Amino acid sequence: MSYARLLKLVGQAEKEGITLAELLTRDLSSEELDSAQAGLAVDIAENYSSIEDFMDDVEVPSIDEIMASEGQDGLEETC
């Protein structure tokens with residue numbers, strides 16, 4: 001199931017005042033649900049991979065470095 005189709009179904013569920021789960025179980029066969037789940041799993045895996053690639057280049061300071069930085073900032077302000 002494409003993202004565009006999923007958004008369309010979300011809109012339809014909102015118009016009808018029902019949950020997306022209710023709409024999906026009412027309107028899709030078990031094969032279609034399985035296909036949608038597999039497609040979403042692939043999309044999620046790709047997104048996690050993209051996030052992982054991005055985060056490889058991000059340097060996150062340790063809590064000790066943050067605390068030391070905050071302590072130095074506090075000392076500078078009082079001087």
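Values computed for the structure shown
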quantity	calculated
Filter pass, LEU40 being touching a residue at least 24 places away in the same chain (Cβ under 8 Å) and surrounded by 10 or more Cβ atoms within 10 Å (Cβ to Cβ)	yes
In the range 1-28, residue nearest to ALA41 (Cα to Cα) [restricted to those that are among the small types (Gly, Ala, Ser) and modelled with pLDDT of 90 or more]	ALA21
Long-range neighbours under 7 Å by Cβ, at least six apart or interchain, first residue under 18 Å from GLY39 (Cβ atoms) and touching a residue at least 24 places away in the same chain (Cβ under 8 Å) within the range 1-28, second surrounded by 12 or more Cβ atoms within 10 Å (Cβ to Cβ) and hydroxyl-bearing (Ser, Thr, Tyr)	MET1/SER35
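The values are calculated or read from the model by the stated rules, or taken from the named source; none is laboratory data. Note that the structure is a prediction, hence the values are computed from the model and not measured. Because the Cβ atoms are built from the backbone with ideal geometry, glycine has one as well, and the counts that use them run over all protein chains shown.
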